[in-house]
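The values are calculated or read from the model by the stated rules, or taken from the named source; none is laboratory data. Not measured: the values here are computed from a predicted model. Here the Cβ is made from the backbone with ideal geometry for all residues, glycine too, and neighbour counts use every protein chain on show. Accessible surface areas use protein heavy atoms only, side chains included; no ligands, DNA or RNA. Shrake-Rupley method; radii C 1.70, N 1.55, O 1.52, S 1.80 Å.
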Amino acid sequence: MIDCDIPFSILMMLKNQSGGNHQHQHTTPQQHSSSSTTQSGTITTFRNKRDSDISDSSGDEDYRSSSKSLQQLFVGLTEDFSCSICYELFDKPISLPCSHTFCKTCIEDLISNSKLNNNSNTFLCPLCRIETKIPEKGIDGFPLNGFFMSAIEKMKKANNFCPRFCDQCTTKKVARKCEQCNLFLCKGCCELLHFVGGQKAQHQILLVDSHISSDFDLETHNTKDSELDPPVYIPFNVSRSQCSTIFKNWISSLWFAPSDLKVNLSVRYIKPIYLPYWIFEVQTTTKYGALISVGSSSGSGLLTAPNIYNSHTKFDLIWNHKINIFSDKYRSAIISNNKLIDKDLLTQVQSWELTNIPSVDQSVPPNPKIQALAYLIDESTAWKKYAEQKIRTKDREVCENRIKSSCGVSGMAKDIFVETDITRVASQKVFLPVYFIKYIYDSKSYTVIVNAQNSKIIGHRPYAQGLSLFKMFK
Amino acid sequence: MMNSLPKRIIKETQRLISEPAPGISATPATDNVRYFNVIIAGPVESPFEGGIFHLELFLTDDYPMSAPKVRFLTKIYHPNIDKLGRICLDILKEKWSPALQIRTVLLSIQALLSAPNPDDPLANDVAEHWKTNEKEAISKAKEWTKLYANKE
Ligand SMILES: [Zn+2]
Ligand SMILES: [Zn+2]
Ligand SMILES: [Zn+2]
Ligand SMILES: [Zn+2]
């Protein structure tokens, strides 16, 4: 009757809590499997934290401990609003005449149980044992506790902003939920727990995206790729504390009052990340041409508005057929993992010029404590879907400008044609150093991205201007 | 068929292990989380002082609507506990309430060891003994404690 898999995982959890063999569990599966690279990578990220200012996660630490005490607060609150029968948050809370409150379904269970036992139309309140009459209308005769219901709704909402930590290791953010074990787990612990005696337990696992929970567990850089060129890592020019200053300046240059900021804004994290790009270095040979007139030498150019009196003045427009061939170089950078970047920020991030890219042989090794996001877009897709078109458009623009400038100030061009021939393409994987910042304002969460190469900052800001202006003057 | 363990049982178990009540330990069995191996230390200044008493506790499918089933595995000379280890305790029967929990049940059993109640007996001969000659009954209880509840 009872699924054999259940007890095991609970026990694992319990063993860990009583100081069991946690370490052992973390090390064992790494010896087994192919997927262990990601796992061990994540673990290192969490282990040595204070090597440099950049990877120093003290901010994360603060964030973690503050959100942990927040979580504890919620645990306390949750208990206050939990049914003493099922230990869950009240579900349709009803209040008995003695004023004790329980879930409707729990009281239903209780009634059907006591009817079985003594066939009466009363039951005892589980908390105070006062004999309680079952109303004539049955269970519906008990009033729903509307105050509790709305309080619970609000609490659940607020709780969404309190990140959950793994029930097992309690340090990593939740990424999975097991329906059978009824546990919220991080990716690593979930794999460990369900890998029992060399066999995978058949549990239903849900991916959980609890607020910011799985942000950075999403896709870490998979080290198995065997490209010809190793990726190039652009070094961090901006330290974590500098980044924090950049952010503060940016946010306080906004319209809201500084006092409002202090009270209502809280930074959830500042996280250094290597953002993966495909860089295409492209050589083009373009044939372009047009019919060009250099304008009249008499000076009353075509650009002056023709008035009625001189409209019939005859200009000798000399149209020259000009054809040119020009070779150009372009660079196009395509973000190849945009899962963490909101759609409306993507164009801005995409427009960042990647400069100072060291060549492969000058490349400095990456900071091993900083996560590199995985490449989700492969090279040919990046080229066909994004880069090629961008480069053709850019080349056309450049050539059109050349044509225009060769017309002189008052000249004209018509029958423009541009034929771009892409003669050489070289690609390179480049990791751009960035900081992801998440902050909460007015119980909404916002993303900011700082380019750690050139300090550029983009991000979301609260736009509820009316509201905030109102706050400012209050 | 229970396909998911009620949150209540998980929570109770977690708490039993992370914040155990003094003198009481309850551990779920490896193959069945509804079955607990319980150890209660004999309370000080009771005839059971120094004894280690093993019990089993089982949560039926309709727990918490019905009380957990608890039984002494260690032999004990007590007016409210019979030869089979069954316990005469109101909260395990008609006074059970779903607001009670494993912890409160075990604490009540511990209290029952401190204060035997021969007026509500389960083991009639023991209760009789307790009523007629309490001193002698207590020394027999001490003897049994040494004999049967000695560590193992
Ligand atoms: Zn309930
Ligand atoms: Zn009541
Ligand atoms: Zn974990
Ligand atoms: Zn599971």
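Residue-wise HN-Hα couplings along the range A:174-188, as the Karplus relation 6.51 cos²θ - 1.76 cosθ + 1.60 with θ = phi - 60° gives them from phi, are 5, 10, 9, 10, 9, 5, 6, 6, 6, 10, 9, 9, 7, 4, x Hz; Gly and Pro carry x. Here the sum of -39500 (n - 2.57) over DSSP H runs of 4 or more residues, divided by the residues of chain B, equals -10000 deg cm²/dmol at 222 nm, to the nearest 500. Taking the average, over residues, of other Cβ atoms within 10 Å as the packing measure, peptides B:116-124, B:104-112, A:143-151 rank B:104-112, B:116-124, A:143-151 from highest down. Close amide H pairs (under 5 Å, H built 1.01 Å from N) link A:Gln371 with A:Tyr274, residues at least 5 positions away or on another chain. Averaged over the residues of B:95-101, the number of partner chain Cβ atoms lying within 10 Å of the residue Cβ comes to 6. Treating r as the C-beta distance of A:Lys343 and A:Arg424 and R0 as 30 Å, the FRET efficiency rounds to 0.35.
Okay, which of the range A:99-134 sit inside 16 Å, backbone N to the point 7 Å along the Cα-Cβ direction of A:Leu144? The answer is A:102-108, whose backbone nitrogens lie closer than 16 Å to the label point. Taking the empirical scaling 2.2 N^0.38 Å for compact globular proteins as reference, the range B:2-148 has a Cα radius of gyration ratio of 1.07.
The HN-Hα couplings worked out from phi for the range A:408-413 by the Karplus form 6.51 cos²θ - 1.76 cosθ + 1.60 (θ = phi - 60°) are x, 5, 10, x, 9, 9 Hz, whole numbers, x standing for Gly and Pro. Amide hydrogen proximity for B:Thr74: with H placed 1.01 Å from N in the peptide plane, the residues at 5 or more positions away or on another chain lying under 5 Å are B:His54. Residue ranges A:445-458, A:404-417 sort as A:445-458, A:404-417 when ordered by packing (mean number of other C-beta atoms within 10 Å per residue, highest first). Remark: the range A:132-139, residue by residue, has Karplus-estimated 3J(HN,Hα) of 10, 7, 6, x, 4, 6, x, 4 Hz, where x stands for each Gly or Pro and the curve is 6.51 cos²θ - 1.76 cosθ + 1.60 at θ = phi - 60°. Taken residue by residue and averaged, Cβ atoms of other chains lying within 10 Å of the Cβ of B:7-13 number 5.
For A:Leu291 and A:Leu70, the FRET efficiency from 1/(1 + (r/R0)^6), where r spans their Cβ atoms and R0 equals 56 Å, is about 0.20. Among the protein heavy atoms, those of B:Glu19 account for about 100 Å² of accessible surface (1.4 Å probe, every chain in place).
Using a Förster distance of 35 angstrom, determine the FRET efficiency expected from the C-beta separation of A:Arg129 and B:Thr132, and round it to 0.05. Mind showing how you got there, number by number?
Values: r = 35 Å, r/R0 = 0.99.
The value I calculate is 0.50.
The convex hull built on the alpha-carbon positions of the range A:93-144 has an orientation-averaged projected area of 3.1 nm².
Using the basic label-point model (7 angstrom from Cα toward the beta carbon), what is the B:Asp119 to A:Ser241 distance in nanometres? Taking the simple label geometry, B:Asp119 and A:Ser241 are separated by 7.4 nm. Per residue of peptide B:116-125, the mean number of Cβ atoms on other chains within 10 Å of the residue Cβ is 0. Using 0.36 nm per residue and subtracting the Cα-Cα separation, the extra length available between A:Gln204 and A:Ser455 on full extension is 85.9 nm. The stretch between A:Arg402 and A:Lys444, if pulled fully straight at 0.36 nm per residue, gains 10.3 nm over its current Cα-Cα span. When the pairs A:Lys156/A:Lys187; A:Lys92/A:Lys154; A:Lys339/B:Lys7; A:Lys248/A:Lys394; A:Lys187/B:Lys69; A:Lys187/A:Lys390 are compared against a 26 Å limit on Cα-Cα distance, A:Lys339/B:Lys7; A:Lys248/A:Lys394; A:Lys187/B:Lys69; A:Lys187/A:Lys390 fall above it.
The amide H of A:His194, built 1.01 Å from its N in the peptide plane, has no neighbour under 5 Å, considering only residues 5 or more places off or on other chains.
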